[in-house]
1. Quick test of your reading of the structure: GLU189 fulfils all but one of (1) of a type outside the set (A, V, I, L, M); (2) surrounded by fewer than 17 Cβ atoms within 10 Å (Cβ to Cβ); (3) farther than 18 Å from TYR68 by Cβ. Name the failing condition by number.
2. Write out, first by first residue and then by second, each pair whose Cβ atoms fall under 9 Å of each other, whose residues are 6+ apart or on separate chains, and whose first residue, in segment 230-249, is among the basic types (Lys, Arg) while the second is assigned to a loop (DSSP other than H, G, I, E, B).
3. Quick one: which of THR226, THR217 is farther than 25 Å from ILE144 by Cβ and under 17 Å from the mean Cα position of the chain (by Cα)?
4. Going through segment 55-100 one residue at a time, which ones are within 14 Å of ASP211 (Cα to Cα) and out of contact with any strand residue (DSSP E or B) (no Cβ under 9 Å at 6 or more places or on another chain)?
5. Hey, which of the strands (runs of 3 or more DSSP E) in segment 166-212, taking only ones fully inside, have at least 3 residues that are in contact (Cβ under 8 Å) with a residue 24 or more places away in the chain and more than 17 Å from the chain's Cα centre (by Cα)?
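Any read-out appearing in this document is the output of simple, stated calculations on the displayed coordinates, not a laboratory observation. None of the values given here were measured: they were computed from a predicted structure. With ideal geometry, Cβ positions are generated from the backbone for all residues, glycine too; neighbour counts draw on all protein chains shown.
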Amino acid sequence: MKSRLLGVTLLCLMLLPLLAIGLSHASSEKVTEITAPLATTNASADGFIAEGEWNDAMPFAVGTKKNYGYLYVKHNYTVLWVFLDHVSDKVASPKGWDNGWVAIDKNMDGGDAPKVDDLLFHGSGHHIFIGDGVGPIEGSQWGILFHSWELPPSEYQDLANLISPFYAGGGQASFGPTDASNTPHRFFEVQIPLNWLEGATVFGFAASMQDDDAKPTKNIIDWPETQSDGTFWPGPDYPEGNYMPPSAWGKLTLGTQPIEPNPPLPSIAGEQTEIPYLYIIIAAVVVVVVVSAVVLVMRRRKKPAP
């Protein structure tokens, strides 16, 4: 009996770390396909968070423990609302150069570089860039679709006129506490019209948050996975770096139902890279229960029949 008991105990102890590691990584798998729920409350992309404004949006984790935030999405079939909550960016850039980005691949055709069906919306509400095509920015993969202070290339005039009246962004005034953290930090609200998608309810999608003050270089975090250059800026004056290629973007579906309000925040990648004490305790309890059961069974077998 002792040898069997020792064998079972050793087996359980060998499985314990595997169980702990498996559980610790279960909450940090990469998500590449998301659904924007149907909104019950209209958001206002003005840089100020009203009470309950984003309670009906679905949150997703972006970045890792040292540089992270949350992406919230919801829609009403007319516009897509996106809330980029850059929790780790606790310093407002004195030049106002922190950035929020939302990218949409209308045709879901990916590619190593953006094309004319790929649009990049800036969180300020003043800029929309289009994949390199007519009138590209020199040295950039992007061209100008809309700047609030200048006309787009004539080839894009109709598209810009369709989108720009309904496009809005919170701008650089977006700094303060949110539900994710009481510590003031950078966030962006973006309203993107859906009229140019011609009825599509599924499309390529990406979102990014950029900390201009991060050292030694600007830090940018992307959803679904960070692949952009830290110094990314599409132009027009001084284009730098590159945005992640459309082939690395995820997929967003416009849902048909609202969700229960205030869904829990997801785990940030890397949250469980330290010793997962909770899971080790759970695994240890499992070992104790298994060993106790084996001991009880052995004792009953050893006990002579009356």
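1. Of (1) of a type outside the set (A, V, I, L, M); (2) surrounded by fewer than 17 Cβ atoms within 10 Å (Cβ to Cβ); (3) farther than 18 Å from TYR68 by Cβ, only one is false for GLU189: (2).
2. From segment 230-249, no pairs qualify.
3. THR226
4. The answer is PRO94, LYS95, GLY96.
5. Ranges flagged: 181-193.
A quick yes/no check of all residues on (1) in a loop (DSSP other than H, G, I, E, B); (2) without any contact (Cβ under 8 Å) to a residue 60 or more places away in the chain; (3) among the acidic types (Asp, Glu); (4) surrounded by fewer than 21 Cβ atoms within 10 Å (Cβ to Cβ):
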residue	(1), (2), (3), (4)
GLY100	no, no, no, no
ILE104	no, no, no, no
ASP109	yes, no, yes, yes
ALA113	yes, no, no, yes
VAL116	yes, yes, no, yes
LEU120	no, no, no, no
ILE128	no, yes, no, no
GLU138	yes, no, yes, yes
LEU145	no, yes, no, no
